[in-house]
Amino acid sequence: MLLTLFLTLFGLAQTLPNGGIAVYRFEMQSNTSAAETDEIRQQVLDLIRKSSFSQAEKLIDQAIAAEPHDLEIHLLRKSLGNELIRNRQRDAGEQQFEKLLQYMFDYPKQSQPLLKHMPQILINLSYVQQNIEPESAKMLEKAMSILRAAVDGNPQNVAWSNGLSTAVNLRGRGLLQQSRLPEARALYINELERLRDRWRTSHENPDSWLRLAYFLKAVSEPEAEDPQHREFAIPLRLERMNLLIVGATTFPDALDLVRERFAARLELASQYESASPPTAVKMLLVDKAAFNEIARQSRFNRELLPTRIQIENSLQQIQRRLTRQQLIGNRPPVIENTDWLTQPPESWTDLPGRPVLLYCFSPSDSESVRELAEIRDDLKNRHSVVNLIALTPDVDQSFTRLSTVKRKSLPDSENQRAQYRQQILEQIVQRNQFKFPFGIAKDAASIAGSLGISEVPFVLLVDQSGICREVLEGRFPLNTMMDVLNRLTADSRQPAPK
């Protein structure tokens, strides 16, 4: 009796007149046997692999004509459509998606198991993706109607709920593109209330927190310049952030929720990075402490390791940006813990009246070596008053991820690595006839932190009084650097300050 009740509740059984139980299969409407369906499926997939697309479509049409509600056969249209698009036959591919969607629209009850595929099929339609009216509006309105009815019947079905949110978001963006803000706002508010109700009634389920957070993000970040929509979006962004912070703390074992919480904060910190690095640093220090506490409580500490690395890397990057900004107008730190292949430089304070160009690069970057030679020649011809200093990390270290030298390719012992390093860098010096101070940083991380290096090549330009005037990072036109040098060398012709 209990078994009958359980199966009946889930639509899987029917009580027969004699008291027995008939358990339905997925293909309960079908007169086609499972073996026949498998055979047709295999034939269609073989034809698709052979690029015999018209034959595959014909076989699908024949199978559906024989059995209109064989869902596995209908789903083959999605595979055929994807393959047609991959073969640059987008129109033909979209026709397959439209046929599959039309079946779902015509037979919503029979096609319910296919509804989880509806969002992806909609996105694959170019006119829906681009929100081209009225084709997109017509398709999305139908999809929302079907999905909303399915969700009303089963609010706990995550796939249907997510599909409805996706369709609503697509339709809302289309309305915003047409400056139909009141309609978009009404659509968004209706879906938000549904998700908030789900969150309130299943507060103990972390997925309800996550789905609401996802939709809040989608609604608050559309590609719209309408000031009224920005006004509408601001409180939603705050709601999302608070939801994620509380949710991740409440459910430390919900990996997706925890990851989304810190991804949102990292994104916010990146927005502050340029305008206010100190603010971004403070935010990330708070987030680092919060992450450590959540990770301590979570059973999935190892799975959260990539998130920990993201936080630490972002914090390091912004701290180095702040260091670079603070170098301007101040004396740069002394270069320590460095081996010099040529004569060591004098300290910054012992170079009165002589501007300095410090060039930091990775030993594996041949383009930087060529650039360094060009700088040497240009200084010799036009700015002989400038002191050039080159600095590179040990070959088994790296200033940044741009280095292509792999540690596993290096010799094992410390002595062998030292010899290898000496060999490689001596070849660079000799081949290019570098006579200026050329140093090897034995602790690249320390120097990168003290100078704020997050990308190489890295150039520090210091005036005649030992004050840093410019920091250049990454690939930049040499003309940019030479313009600064022109100003520095012009100043250097004036008497140095006493």
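The values are calculated or read from the model by the stated rules, or taken from the named source; none is laboratory data. All values derive from a computational prediction rather than experimental measurement. We place every Cβ from the backbone using ideal geometry, glycine too, and count neighbours over all the protein chains shown. SASA here: full protein model, heavy atoms, side chains in, ligands and nucleic acids out. Shrake-Rupley method; radii C 1.70, N 1.55, O 1.52, S 1.80 Å.
Going by what's in this entry, would SER362 be described as among the hydroxyl-bearing types (Ser, Thr, Tyr) and open to solvent by 30 Å² or more (accessible area, probe 1.4 Å)?
Criteria not met by SER362.
Check off (1) more than 22 Å from LEU257 (Cα to Cα); (2) part of a helix (DSSP H, G or I); (3) open to solvent by less than 20 Å² (accessible area, probe 1.4 Å) for ASN131 and give me the number that stays unchecked.
The number of the failed condition is (2).
Please find, within the stretch 278-292, the residue that is farthest from ALA445 (Cα to Cα) out of those that are touching a residue at least 24 places away in the same chain (Cβ under 8 Å) and over 21 Å from the mean Cα position of the chain (by Cα).
ALA290
Within the stretch 306-344, track down each residue that is basic (Lys, Arg) and in contact (Cβ under 8 Å) with a residue 60 or more places away in the chain.
ARG320, ARG321, ARG324, ARG331 - these are the residues of the stretch 306-344 that are basic (Lys, Arg) and in contact (Cβ under 8 Å) with a residue 60 or more places away in the chain.
Conditions tested, residue by residue: (1) over 13 Å from LEU327 (Cα atoms); (2) open to solvent by 30 Å² or more (accessible area, probe 1.4 Å); (3) within 37 Å of the chain's Cα centre (by Cα); (4) in contact (Cβ under 8 Å) with a residue 60 or more places away in the chain.
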{"site": "VAL429", "(1), (2), (3), (4)": "yes, no, no, yes"}
{"site": "PRO437", "(1), (2), (3), (4)": "yes, no, no, yes"}
{"site": "SER446", "(1), (2), (3), (4)": "yes, yes, yes, yes"}
{"site": "SER465", "(1), (2), (3), (4)": "yes, yes, no, yes"}
{"site": "CYS468", "(1), (2), (3), (4)": "no, no, yes, yes"}
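Let's see how each residue does on (1) of a type in the set (Phe, Trp, Tyr); (2) part of a helix (DSSP H, G or I); (3) farther than 21 Å from LEU125 by Cα; (4) modelled with pLDDT of 95 or more:
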site: PHE26; (1), (2), (3), (4): yes, no, yes, no
site: THR32; (1), (2), (3), (4): no, no, yes, no
site: GLU39; (1), (2), (3), (4): no, yes, yes, no
site: GLN42; (1), (2), (3), (4): no, yes, yes, no
site: LEU45; (1), (2), (3), (4): no, yes, yes, no
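Look through GLU67, GLU36, GLU57 and report the one residue that is among the acidic types (Asp, Glu) and in contact with a Ser or Thr (Cβ under 7 Å, 6 or more places away or on another chain).
Just one listed residue meets the conditions, GLU67.
Any chance the stretch 82-97 includes a residue that's buried (at least 17 other Cβ atoms within 10 Å of the Cβ), among the polar types (S, T, N, Q) and not in a helix (DSSP H, G or I)?
The answer is no; no qualifying residue exists.
Please enumerate the residues belonging to the stretch 65-82 that are within 12 Å of GLN96 (Cβ to Cβ) and of a type outside the set (Gly, Ala, Ser).
Result: HIS74, LEU75, LEU76, ARG77, LYS78, LEU80, ASN82.
Just one of (1) open to solvent by less than 60 Å² (accessible area, probe 1.4 Å); (2) at pLDDT below 95 trips up ALA143, so point out which.
(2)
Kindly provide the set of residues from the stretch 130-140 that are farther than 15 Å from VAL168 by Cβ and modelled with pLDDT of 90 or more, ordered by number.
GLN130, ILE132, PRO134, GLU135, LYS138
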